[in-house]
Structure formats: structure tokens, C-alpha cells
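Asker: Have a look at the structure that comes next, please.
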Amino acid sequence: MKRLYFFILLMVVCTYAFAEQLTIQRERSVLREGPGSWHKVLTELKIGTSVITVENDIDDIDSDQWIKVKAGNLMGYISESSIKKLPPRTNTFAVMAKQKTDLTSSKHGVSAGVKGFGGQFSKTFKGDVSFVELATSYQLDAKQYKQFKKTTYKGMNIKKIKNSVRLPKQIPSEYFSFSEEGFGLGVASAIATLGLYKDNELHDYINYLGTQVAEASNASDIEFKFFILNIEVPNAYACPGGYIFVTKGMISQCQNEAEIVVVLAHEIAHVLYSHGMKELEKRKNRIIADQAFDDMDEEIPSQDEEITATEKELEEEIFSMYETIIQGRLDAYEKEADEIGMLLSARAGYNPIVLSSLLNRIYRLPLDSNNQHYRKESIKQRIIDVDKFIAKNKFPDKLINNNDRFTIMKNRIK
């Protein structure tokens, strides 16, 4: 009996010897049910919260960039970026993000702040208010997604491939303030009024593909969500906060999985590198020059009053940014989005050079897009830049196209 007690004591001592205490260093850090941004949020972890590491029993593909921890009585996963001290967010919407939020306010752990701002901006943009509920409630089935990845990467060392393709030194966004994400949700609700293509299986499929790309980035804790628009013209939109749309016309123009993946990767790059928000920041700087933001430097007792005042001052600029996203007038960022998109595709195991053939195919179509970076003059320049990038970069061998699985899913489109 003494020997048994000694053995138990030894096991306890060993367990705590290998455990490590970590401190949450980043705002909007969350504890998730599993190692991935698509898993349910269990609770929000404030800056300064202490957590204890737990031995990870998940395979390498799933656990990359995630740490299994115990926070109080809860067991779950945090992203590695949660324990890295980052400079505070200073973008326009960070000013509006001072009110406290409850990330466990819904069964999916969606921030009440995100939902509130999303609903408010949805009304501002005359968007589809029901889309706010749809977008915030949608969540991947973790088991099905894991099986999807196993099928995708069968026989591949995806971790090795990912590590062999480096992203530029510029640090992409690792998280968003709830107001920035809420703004993106409001814009997305307006785009949704163009009409969603309703096919749950195809919708999940596009989300599986997009999530694989998102995992290949360094922003592991951004929960991207993808939607299909019931539009014949090939097009795609990216909204702040990770809400991305692709038209059924774009899917129809693609000939394999790698082509639709590089389209999604292009839009993910816009979000990660805050292209839309950079435009808004430029406009904010012009407003500051006109002393329109002077009052924001003063202390306002009521947080709600401060948020309301900021929203009012930003209204015209938000509308301008909304039109920029809708119309795709971000040509200055297309070259970077194409290049980052190809790198992300390769890191996700897909052949990125197919972007050139896809753009050439779209260029030859008689249809013209209302989205500026899919207009013919823009596509022509993009083809030139993409071909130059492909010529000067060596991508890993044996990256996949996945023709068969894509053809089956594409044939669902009516």
C-alpha cells in the first residue's frame, strides 16, 4: 500500500514538474474547446490571466500553433500568440472597443460586442440583419473538418511544406478588436443582400478549404467564415474580421481545388494584412488633420457616450470604406494579395501557380465584373505581376490540385 501511495505521489510530482505556468499577454484571447479557431469558445481570458500547460495528446497537424492548458476549472486550447506581448491596437475601431464584452454570451461563444456592432452597422448599410445571426452562429463540425484534412493531406508532410514556404517579414493581423470585426460583419450583411447560394454541403466544403488556408497563415486565432453568393459573374469580397464571399460564378470558372483555394487565399491575405482597414486609417488621418477627432482625446465619463460620438464622426468615412470594399477599389493592394495568396496556398499544400491560368480564363470571359480588381484592365496587370512572381519563386514539389473532389462539389452548382 505504501508503495502505491509513493507511486501516485511520484506521478503527481512529475506531472507538475513538466507543467508550465503561462500568462495571457494579448487582449481578446480565448480558451477554445479544441486546437483551432473553428472550435467553440469556452471563455475569454483577460490579460494577466495565469494558465497551466497540459500535455497535448493531439496530432501535429491539429496542434500546430496551439497550446493545451488548464484555466481555472476549464481545460482547453489557447493560440501561441495569446502569450506573446503585442503592442495595443491603435486602429480606428480600437477606439470604439473599450466596453466590456462577454464572449460566452451565445452558445457558440460569439462576442456580444461583435454581434452588437454587426447588427448596428448592418442597419447602417441597410444590410440583411438575419445574416448577422447566420454568420455568428455558423461553426464547423470539428470531427468532419479533421477527416477532410486527413483526406486532403494523405501521404503529405504538410508541416514540412508549411515551414519551407516563408511569408514576408511584415506581421499580419493576429486578432481584431470586436468593433473592427463588427464593422466587417455589418459590411458582410450588406454584401449578403446580393443573395446567398444555399447549399449546406457546398458551403461547408468552401469553409473547409478556406480554413485550411487560414491555418497555413501565422494568424491562428482569427475565425474566418466563408459564404457563397448566388451570382454568375466570377467575383470575391473580403471584409474586416474575416468574413469572405466567393460567387458561384467564380467556383464555376475554377477547374480544380487549387484554383478556388488560391482565390480564397487572396481574400484571406486582404484581411490578414488589413488592406481595407489601412484605407480607413488613411481617411481617419485626414479627419484628424481637420480637427474632427479633437474631442476623442478628452476623457468622457460614459463609455457608451464615447462610442456613440466616435460612431457619428466616423459615419461618412465608414460609408466610403464600405463602398471601397463593395466595389473592390483596392488595386494598390492586389499585387500583395496575389503574392501572399500564392504563398498561403503553397503553405496549405496547394499548387499556387494555377492563379495565372485562372486569371487568364476570367480575362477571356465576355462578362465584366462590378468589382474593380476583376475588371479586365486590372486582371491584365495582375496576370503580368503573377507571372513575374511565379518566375522568381521556387515552390515545393508535389503540391496538389485535387481535381476529382472539386469536380464532384462543383457539379452541385445549378
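The values are calculated or read from the model by the stated rules, or taken from the named source; none is laboratory data. All values reported here derive from a predicted model rather than from experimental measurement. Here Cβ is always computed from backbone atoms with ideal geometry, including for glycine, and neighbour counts include all displayed protein chains.
Asker: For the range 21-41, which residues satisfy the criterion of being surrounded by 19 or more Cβ atoms within 10 Å (Cβ to Cβ) and either assigned by TED's automatic domain parsing to the domain that holds ILE222 or not charged (D, E, K, R) (or both)?
Answerer: So the first thing to find is which residues in the range 21-41 are surrounded by 19 or more Cβ atoms within 10 Å (Cβ to Cβ), and the list is 24, 26, 28-32, 34-39, 41.
If the condition is that a residue be surrounded by 19 or more Cβ atoms within 10 Å (Cβ to Cβ) and either assigned by TED's automatic domain parsing to the domain that holds ILE222 or not charged (D, E, K, R) (or both), then ILE24, SER29, VAL30, LEU31, GLY34, PRO35, GLY36, SER37, TRP38, HIS39, VAL41 are the ones that fit.
Asker: Moving on to the next point. I'm trying to understand the selection: among the residues of the range 375-394, which are in a loop (DSSP other than H, G, I, E, B) and out of contact with any Ser or Thr (no Cβ under 9 Å at 6 or more places or on another chain)?
Answerer: ASN393, LYS394, listed by residue number.
Asker: Of everything in the range 328-347 that's at pLDDT 95 or above and surrounded by fewer than 23 Cβ atoms within 10 Å (Cβ to Cβ), which residue is nearest to HIS270 (Cα to Cα)?
Answerer: Top of the filtered list is GLU339.
Asker: Moving to a separate point now. Could you figure out which of (1) within 21 Å of HIS266 (Cα to Cα); (2) of a type in the set (Val, Ile, Thr); (3) surrounded by fewer than 23 Cβ atoms within 10 Å (Cβ to Cβ) isn't true of THR151?
Answerer: (1)
Asker: Within the range 224-266, track down each residue that is β-branched (Val, Ile, Thr) and part of a loop (DSSP other than H, G, I, E, B).
Answerer: Residues satisfying the conditions are ILE231, VAL233.
Asker: Here's something else I'd like to know. Scan ALA238, ALA214, ALA258 and give me the residue that is surrounded by 24 or more Cβ atoms within 10 Å (Cβ to Cβ), over 20 Å from GLU181 (Cβ atoms) and small (Gly, Ala, Ser). Explain how you work it out, then say what you get.
Answerer: Values: ALA238 fails: over 20 Å from GLU181 (Cβ atoms); ALA214 fails: over 20 Å from GLU181 (Cβ atoms).
None of the others qualify; the one that does is ALA258.
Asker: Would you tally the residues in the range 74-97 being modelled with pLDDT of 75 or more, among the β-branched types (Val, Ile, Thr) and either over 17 Å from ASP221 (Cα atoms) or assigned to a helix (DSSP H, G or I) (or both)?
Answerer: 1
Asker: Considering (1) modelled with pLDDT of 85 or more; (2) closer than 19 Å to GLU180 by Cα; (3) aromatic (Phe, Trp, Tyr), say which one TRP66 fails and leave the rest.
Answerer: For TRP66, the failing item is (2).
Asker: Could I ask something else about it? Report the residue count in the range 348-377 for those that are modelled with pLDDT under 90 and buried (at least 19 other Cβ atoms within 10 Å of the Cβ).
Answerer: So the count comes out to 4.
Asker: Regarding the range 124-145, can at least one residue be identified that is outside any helix (DSSP H, G or I), hydroxyl-bearing (Ser, Thr, Tyr) and modelled with pLDDT of 75 or more?
Answerer: Taking every residue of the range 124-145 in turn, at least one turns out to be outside any helix (DSSP H, G or I), hydroxyl-bearing (Ser, Thr, Tyr) and modelled with pLDDT of 75 or more.
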